[in-house]
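Sharing a structure here in structure tokens format.
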Amino acid sequence: MSENGINLSDLKELFVKYYGESDHEIRIFTAPGRVNLIGEHIDYCGGSVFPAALTLSCTAAVRLNGTDWIRLGADDLEDVYTFSLRDPQAGKRLKWGNYQAGVINALLEEGYLIRGMDFLFTGNIPFGSGLSSSAAIELTTAVASATLSENYEEKGLDLIRMAQLGQLAEHTFCGVNCGIMDQFASAMGKRDHAILLDCASLNYKYVPLALGDYTLVLANTCKKHALGASEYNKRREEVAEGLRRLNAALGENRANLCDFSEAEYAAAEARLGPDKVKDRVKHVIFENERVKRAVSALENGNLKAFGTILCEAHASIRDLYEVTGPELDTMFEIASHTDGCIGARMTGAGFGGCTVNIVRKESAEAFIRDVGRAYTQRTGIVPEFYLCTAGDGARELF
Ligand code: GLA
């Protein structure tokens, strides 16, 4: 039994080693990572984003344990981390497992009667790669815990709500003031499709990822991104300040930066101040417009235009939003000048992690070899590459 490259019999066997035999059945839940194709750092500005769920995923074997304790283990960790359902806040202090504890806490507040459970996690989303391994852990935990709750029949499982609870967990238990994109993509992913998501209304539509002769190649700079680091939260403060200034300049009182057009930005630009805030605002408003152009290029089968817009997006996030860093910029630079590559950009929060590249299928092997070599020469780091297809969202497997 194997799914997404994970051997489920091995996982169950290991589960029994960790937690022993029991009468209860072991159930298997999974949720994917994501790649964002375009629409970066605008989900928290009410913008439209265009992610796709991956087939790389987090998977957990889960079993009720008849106690009021949650026990959390992983195949690459020796210890098992525990907290009591009577004091779920204590889960915040776990050395590992605070994402899961945050989700369980959010489900309890939502009225789910969560029961004691044992978890054994595994997965193949490289940690710190900007491919949302944390959202995948959150959604795996949410779907498993809700499904095994005492009042599941009555409460049901609303995947969009699960995504919101994952985001809440990240805010309250992990100190990252993230947007909704990663959790939404992990919850709602659809095989062979990307998701055009309006983050203000949560309206969304699936767009076929019809790339014809091209394929997506993820290039991992192997420079771990430090999302918890203050820069992410700092950008959020800068755009909040940008919104105040733009509203004041135009005599408006709009809720989101992405409610403003490029023309309105141009009219107010001179009044947005001398500091970086102006650049941040410009990135957000123009990126939101780029998403619309990119999606219509893809829908019209104009892959070259799609790729060119991705490259523009990289330049903007590098020069105006300043969340790339030397490794991502070097990877982008090399890839975008390599044969067969028609578009590239960093994906995710930035400061390390992956770029996403649109590469002609027949050139993919050479692309990986040549870009890998040149990147190592320039940075001294050996990168990793993943051929990527869009997969389904969070679900119970067995
Ligand atoms: C992280 C966050 C997302 C989003 C991206 C940047 O992945 O979790 O909400 O803001 O960064 O687009």
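Given the C-alpha centroids of the range 76-152 and the range 225-290, what is the distance between them in whole angstrom?
If you average the Cα positions of each part, the centres end up 34 Å apart.
Give me the 1.4 Å probe accessible area per residue for the chain, excluding ligands and nucleic acids, in Å².
Normalised by residue count, the accessible surface of the chain is 41 Å².
Give the separation of the Cα centroids, the range 302-352 to the range 366-392, in Å.
Centre-to-centre distance over Cα atoms comes out at 14 Å.
Hey, another quick one. Rank by packing, highest mean first: peptides 94-102, 41-49, 128-136, with packing defined as the count of other Cβ atoms within 10 Å averaged across residues.
Highest-to-lowest ranking by the protection proxy: 128-136, 41-49, 94-102.
On a straight-distance basis, which lysines could pair with K17 in a cross-link, Cα separation under 28 angstrom, same-chain partners fewer than 8 positions away excluded?
K92, K95
Check which residues have an amide H placed less than 5 Å from G116's amide H, if you skip close sequence neighbours.
For G116, whose amide H was placed from the backbone, the distant partners under 5 Å are N65, G66, T67, W69.
In the chain, what percentage of the DSSP-assigned beta bridges are antiparallel, given to the nearest 5?
For the chain, the DSSP antiparallel bridge percentage is about 90.
Looking at the range 1-93, which GluC sites (Glu not before Pro) are in a loop (DSSP not H, G, I, E or B) and have at most 14 other Cβ atoms within 10 Å?
Those that pass, being in a loop and sparsely packed, are E21, E25, E78.
Follow-up question, since we're still on this one. Would you please name the trypsin sites (Lys or Arg not before Pro) within the range 1-89 that are DSSP coil residues with at most 10 other C-beta atoms within 10 Å of their C-beta?
Answer by residue number: R86.
Using only the Cα atoms of the chain, each taken as one equal point scatterer with no solvent, compute I(q) by the Debye sum, divide by I(0), and report log10 of the ratio at q = 0.06, 0.08 Å⁻¹.
Ignoring solvent entirely, the Cα scatterers give -0.24, -0.42.
Using a 10 angstrom cutoff on alpha carbons, build the Gaussian network for the chain and name the most mobile of P274, P88, P383.
P274
Could I ask something else about it? Name the most mobile residue of G380, G242, G166, meaning the one with the largest mean-square fluctuation, in a Gaussian network model of the chain with Cα contacts below 10 Å.
G380
Now a separate question. Take the solvent-accessible surface of the protein heavy atoms, probe 1.4 Å, and return the percent of it on the chain that carbon and sulfur atoms account for.
Here carbon and sulfur together make up 47 percent of the probe-accessible area.
Using amide H atoms built 1.01 Å from N in the peptide plane, name the residues 5+ places from G123, or on other chains, whose amide H lies under 5 Å from its own.
Result for G123 returns T59.
List the pairs from K155/K205; K304/K361; K205/K282; K12/K190; K205/K361 whose alpha-carbon separation is above 19 Å, in the order I gave them.
K155/K205; K205/K282; K12/K190; K205/K361
May I pose another question? Determine which lysines satisfy two conditions relative to K276: a Cα distance under 24 Å, and not lying fewer than 8 residues away in the same chain.
Straight-distance partners of K276: K234.
List every residue whose amide H lies under 5 Å from the amide H of F398, counting only residues 5 or more places away in sequence or on a different chain, with H placed 1.01 Å from N in the peptide plane.
I28
Further question: Relative contact order of the range 3-99, please, whole-number percent, based on alpha carbon pairs below 8 angstrom and at least 6 residues apart.
Relative contact order here is 22 percent.
The values are calculated or read from the model by the stated rules, or taken from the named source; none is laboratory data. Keep in mind it's a predicted model, so treat the numbers as computed, not measured. Virtual Cβ from ideal backbone geometry, glycine too; neighbours counted across all protein chains shown. Accessible surface areas use protein heavy atoms only, side chains included; no ligands, DNA or RNA. Shrake-Rupley method; radii C 1.70, N 1.55, O 1.52, S 1.80 Å.
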